[in-house]
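One structure is given below, encoded as structure tokens.
Readers should treat all values here as calculations from the given coordinates under stated rules, not as data from a laboratory. What you see is a predicted model, and the numbers here were worked out from it, not measured in a lab. No Cβ is skipped: glycine too gets one built from the backbone with ideal geometry, and neighbour counts run over all protein chains shown.
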Amino acid sequence: MPEPGGSGPSSRPAFAPMITDAPGLNWAGPGDAWSRAWGAHPQQAPVLPAGNGFTTLAGPRPAALPPMPDRPPAPVPPPLLNPAAAVAVLPLAARTAASGPTAEDIALVRHSLGVLEPVADRATAHFYAVLFLRNPELRALFPASMDVQRDRLFRALLAAGQAAGSPAELTAYLDRLARGHRKYGVLDEHYGPVGEALLAALERYCGRFWDQSTEIAWRRVYRAISEVMIGSAAADARENPAWWQAEVVAVDHRPGDVAVVALRTDRPYRYRAGQYTTLEVPMWPRVWRPYSLASAARPDGLLTLQVKAVPAGWVSNALVQRTQPGDVLRLGPPGGTMVVDHDDDTPLLLLGGGTGIAPMLAVIEEVAEHGRARTVEVFYGARRASDLYARERLAELARLHPWLAVRSVVAEGAPVDGGPTGPLPAVVGRRGPWEEYAAYVSGPPAMVRRTAAVLLDAGVPRERIHHDLEGV
């Protein structure tokens with residue numbers, strides 16, 4: 001299969017959906033037999049009481065707690081999930097600003113997070129134990145094997161609590177989180193049970209540092225978090241589906257257990273070059289994995305992914321070894337910050353290790369489509385020459401665009417096309433200068449971390465180093 005993007009826009013057909021009834025093909029998700037089985041006997045465990053008491057696994061708290069108007073409502077058993085009811089659209093409460101967390105609340109929340117950090121793994125396990133014991137029907141929202149993403153929800157809640165003192169940062173984070181959570185079938189009424197499970201885990205593992213003031217602070221913070229997320233999800237639901245169905249058009253196998261997978265979605269999928277999608281395969285329901293989009297947006301709606309099968313990689317192995325044309329996958333909303341400002345002439349430094357070259361290919365195509373000549377330098381790294389599966393496509397782009405320079409980098413063996421050898425971060429550190437460049441980095445996490453550090457040492461301002469690895 002030739003790489004998408006090789007022909008001009010005038011030769012591309014208009015967008016035309018190919019899927020008419022994807023759930024009737026090979027799709028699995030909320031509303032399937034497993035979900036119905038979990039929801040067949042809801043609320044087997046005791047329901048949390050309304051009022052001012054707070055029930056934990058150890059029993060009810062004393063009735064002496066003061067009234068807390070910011071307490072989330074008592075959880076209501078959610079209806080069985082189905083794709084048509086992915087999010088209930090409710091208005092964002094106008095009272096958030098007036099009754100939101102105070103500065104003292106933020107200080108208490110951050111102190112409790114510091115106490116919790118050394119025992120976060122045990123607190124995570126306790127959180128899910130409480131959540132599923134009290135609300136067994138919510139188990140269907142998660143994959144069969146909880147070790148795949150066991151700590152994601154809990155750590156996202158803790159990260160939101162940590163950012164509660166920075167309203168702009170928190171709102172941006174929660175907006176992304178809410179849009180991403182729609183694909184799991186999250187409903188507004190799920191926020192109550194999740195909040196109570198969160199507080200139960202905090203109370204148990206904060207120990208003597210947990211008191212009434214800390215509990216009230218967390219309730220106010222969580223209330224603000226849930227209101228923002230409900231509002232963000234509602235706004236997104238007015239414009240976008242919770243997920244997109246995508247039919248596999250072609251699978252092109254490359255050396256090194258890499259496959260180029262071409263997809264066409266059931267409705268237009270709007271994204272920018274450099275972004276990624278999250279993907280679920282029918283073999284592993286509710287297990288979502290991020291993959292960079294390897295081509296700029298096309299009028300014919302075709303999307304391209306470049307996937308390498310890795311040991312114990314559930315989704316990657318399914319995509320490379322088992323996926324065939326005609327299969328139907330599900331895509332979450334696009335995400336990521338590695339987008340290029342085409343009104344700026346700053347030279348670009350694109351660094352891709354392994355399949356991390358995929359978003360760089362998309363960026364090159366998008367730069368070419370905008371017609372502004374700007375310097376673009378690409379370093380494409382792999383361990384061996386045989387792993388440079390995108391080398392021919394990069395060479396083709398370099399022939400078409402004189403502003404593009406491509407260097408292939410191998411860590412082992414002889415140089416390729418006269419390029420440098422060694423680990424990609426070290427090679428980039430030896431070249432330069434890069435102070436005037438905007439750098440985009442994608443690849444294995446360790447490579448991204450080392451490369452970002454090298455670029456900082458080389459004088460590239462932090463705000464001009466773009467990647468999607470958190471915590472770097």
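Semi-axes of the equivalent ellipsoid of the range 348-466 are 19, 19, 12 Å, computed as sqrt(5λ) over the eigenvalues of the C-alpha gyration tensor in descending order.
Subtracting the Cα-Cα distance of D343 and R374 from their residue separation scaled by 0.36 nm leaves 10.1 nm.
Legend: ranking of residues R134, R110 from fewest to most surrounding C-beta atoms inside 10 Å; resulting order R110, R134. Relative contact order of the range 348-466, taken over Cα pairs closer than 8 Å and 6 or more residues apart, is 28 percent. Could you work out the Rg to Rh ratio of the range 243-331, with Rh taken as the Kirkwood radius (inverse of the mean 1/r over all Cα pairs)? Using Cα coordinates only, the ratio equals 0.92. For the pair R431 and D211, the difference between a 0.36 nm per residue extended length and the Cα-Cα distance amounts to 73.6 nm. Using only the C-alpha atoms, the convex hull of the range 183-305 corresponds to 172 Å³ per residue.
Per-residue Cβ neighbour counts within 10 Å put E369, E137 in the sequence E369, E137, beginning with the fewest. Loop-resident GluC sites (Glu not before Pro) (DSSP state other than H, G, I, E or B) in the range 149-249 with no more than 14 further Cβ atoms inside 10 Å of their Cβ: E239.
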